[in-house]
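Colleague: Below is a structure I'd like to ask you about.
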Amino acid sequence: MESDLISELSRILAGLPVSGVLAGIGDDAALLSPPPGRNILVTTDSQRENVHFRWDWTDPESLGYRLVAVNVSDIASKGGVPWSCVAAVGLPQNYDPAVLLGVYRGIAEACREYGCSMVGGDLSRDSGRWNFVLTLLGTIPDGIFPARASLSEGDALYLLGRPGRARAGYLSLLRGVGGEILSPARQAFRRPRALLSAGQALSLRPEISATIDSSDGLERSLSELSLASGLSIRVESLPVTDEIRSWSSLLGEDPETLVWTGGEDYDIVFGVSGKREESFIRWVQSELLSGSAEGIHYVGRAVKGNGPASVYFGNQIKSIKGKGFDHTVP
């Protein structure tokens with residue numbers, strides 16, 4: 001019975017944070033009250049079978065965790081705090097309820113980790129395969145929003161995170177290249193993390209101009225910043241680490257291509273005003289990333305060019321064609 005299933009899902013989700021939730025699961029709509037002095041962020045993302053995931057590559061709990069984390073990353077990139085979410089689930093014919101319960105256990109795990117509640121959703125039959133869509137609300141202090149369009153001429157572009165890891169994990173699964181050395185890459189693909197505390201700290205720094213979540217890859221992120229700001233991006237360095245070089249060798253891939261075009265890393269790309277760049281980098285290295293496995297990488301600068309639809313890489317001009325990372329799994 002659907003009512004029994006909903007009751008079991010509600011039990012799994014019990015105990016999640018309820019700050020500002022006046023009425024949640026169990027009514028026609030949730031009733032929320034945002035904290036005073038804060039604006040609301042809204043984002044949505046999905047996990048669709050054979051588009052974003054394959055069951056032989058993941059498990060239900062990891063999928064549910066992933067569904068939340070990829071949405072939290074959007075909130076994190078703007079310096080927000082995750083608040084409440086709703087999920088719409090498309091159920092295939094003859095679905096296994098145990099799989100759905102496992103996904104919701106993963107959702108509950110991620111919600112607890114990132115401090116947000118689930119206040120409702122929808123279950124319905126789907127004519128195809130499993131289909132999960134999550135909409136997440138976040139809050140952000142009034143007056144804070146590092147928009148993509150806020151990038152200025154001369155701003156330095158940096159990446160916070162570890163690009164190329166998820167792409168290496170994806171290729172490891174696709175090609176059946178195993179081994180313990182690639183286990184962190186596969187984990188990065190299956191269960192991505194969102195840079196929540198780092199994103200909040202960055203958004204409060206006066207040096208930060210624009211930010212973007214890098215889920216569609218570094219090339220796409222820079223292209224989106226370029227289009228939004230009307231500036232070109234002069235790429236001067238790619239954040240290729242020793243780890244990526246080692247994995248690329250095992251996978252037969254070019255490490256720079258892995259970093260440049262790979263997606264689903266959920267890092268943060270951001271612009272920094274040149275006037276205080278040096279002191280900002282010292283703060284990042286000594287405080288923000290103290291004890292962290294993440295890194296900060298210089299990428300290039302925003303410059304005037306032949307319109308926004310180009311990214312300069314050395315002497316090469318890369319036209320922006322609106323194409324991003326292809327999330328479809330075979």
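Colleague: In a shell of Cβ-Cβ distance under 9 Å around residue 185, excluding residue 185 itself, what net charge do Lys and Arg (+1) and Asp and Glu (-1) give? Don't skip to the end; give the middle numbers.
Modeller: Values: positive: 165, 167, 186; negative: 243.
Net of charged neighbours comes to +2.
Colleague: Tell me the Kirkwood radius of segment 17-62: reciprocal of the mean inverse pair distance over distinct alpha-carbon atoms, in Å.
Modeller: 14.2
Colleague: In addition: How much mean residue ellipticity at 222 nm does the chain get from its helices, if each DSSP H run of length 4 or more adds -39500 (n - 2.57) and you divide by all residues, to the nearest 500 deg cm²/dmol? Could the numbers behind the result be given before it?
Modeller: On the way: 10 runs with 111 residues, N = 330.
One gets -10000 deg cm²/dmol as the mean residue ellipticity at 222 nm.
Colleague: Have a look at 241, 202, 192 and report the one farthest towards the positive end of the charge dipole of segment 188-252, computed about the Cα centre with Cβ charges (Lys/Arg +1, Asp/Glu -1).
Modeller: Projecting each Cα onto the dipole axis, the largest value belongs to 192.
Colleague: Here is a further query. Just the projected area, averaged over all directions, of the convex hull on the alpha carbon atoms of segment 148-319: how many nm²?
Modeller: Working: hull surface 39.0 nm².
The directionally averaged projection comes out at 9.7 nm².
Colleague: So, one more: Can you pull the semi-axes for the chain, root of five times each eigenvalue of the Cα gyration tensor, sorted largest first, whole Å?
Modeller: Details: eigenvalues 230, 124, 58 Å².
They are 34, 25, 17 Å, listed largest first.
Colleague: Over 20 Å apart: what share of the alpha carbon pairs of segment 2-141 falls there, rounded to a whole percent? Mind dumping the intermediate values first?
Modeller: Details: 4154 of 9730 pairs.
Result for the distance tail: 43 percent.
Colleague: Which ³J(HN,Hα) values in Hz, rounded to whole numbers, follow from the phi angles of segment 148-160 under the Karplus curve 6.51 cos²θ - 1.76 cosθ + 1.60, where θ = phi - 60° and Gly and Pro get x?
Modeller: Once θ is set to phi - 60°, the couplings for segment 148-160 become 4, 6, 7, 4, 10, 4, x, 5, 7, 10, 10, 10, 10 Hz.
Colleague: Once Rh for segment 274-317 is found with the Kirkwood sum over Cα pairs, what is the Stokes-Einstein diffusion coefficient at 25 °C and 0.890 mPa s, in µm²/s?
Modeller: Numbers: Rh = 13.1 Å.
The Stokes-Einstein estimate is 188 µm²/s.
Colleague: What is the set of long-range amide H partners of residue 209 at a cut-off below 5 Å, with H atoms built 1.01 Å from backbone N?
Modeller: Counting only residues 5 or more places away or on other chains, the set is 271, 272, 273.
Colleague: If Lys and Arg each add +1 and Asp and Glu each add -1, what is the summed charge of the other residues whose beta carbon sits under 12 Å from the beta carbon of residue 91? Show your work: numbers first, answer last.
Modeller: On the way: positive: 125, 129; negative: 2, 49, 96, 122, 126.
After counting each charged neighbour, the total is -3.
Colleague: Here's a follow-up. Can you tell which of 95, 73, 118 lies farthest toward the positive end of the dipole of segment 2-141, using +1 and -1 charges on the Cβ of basic and acidic side chains (Lys, Arg; Asp, Glu)?
Modeller: 73
Colleague: Measure nothing but the geometry: give the 0 to 90° angle between the long axis through the Cα atoms of 60-77 and the longest principal axis through the Cα atoms of the chain, rounded to 10°.
Modeller: Approximately 50 degrees, to the nearest 10.
Colleague: State the extension gain, in nm to one decimal, for the chain segment bounded by residue 278 and residue 105, taking 0.36 nm per residue of separation less the distance between their alpha-carbons. Present the calculation step by step, with values, prior to reporting the outcome.
Modeller: On the way: separation 173, 0.36 × 173 = 62.28 nm, distance 4.39 nm.
Stretched out fully, the residue 278 to residue 105 stretch lengthens by 57.9 nm.
Colleague: What trypsin sites (Lys or Arg not before Pro) does segment 22-119 have in DSSP loop regions with at most 13 other beta carbons within 10 Å?
Modeller: Values: sites: 38, 48, 54, 66, 78, 105, 112; in loops: 54, 78.
Answer in residue order: 54.
Colleague: Another one. Limiting things to C-alpha atoms, what are the Rg and the maximum Cα-Cα separation (Dmax) for segment 87-181, in angstroms?
Modeller: Looking at segment 87-181, its Cα Rg and Dmax stand at 19.4, 57 Å.
Colleague: In addition: Does a label point 7 Å from the Cα of residue 125, set along Cα-to-beta-carbon, have any residues of segment 91-109 with amide nitrogen under 16 Å, and which are they?
Modeller: Output list for this probe position: 91-97.
All of the numbers you see were taken from the coordinates with simple rules; none came from a lab. If you're wondering where the values come from, they're calculated on a predicted model, not measured in any experiment. Cβ atoms come from the backbone with ideal geometry, glycine included; neighbour counts cover every protein chain shown.
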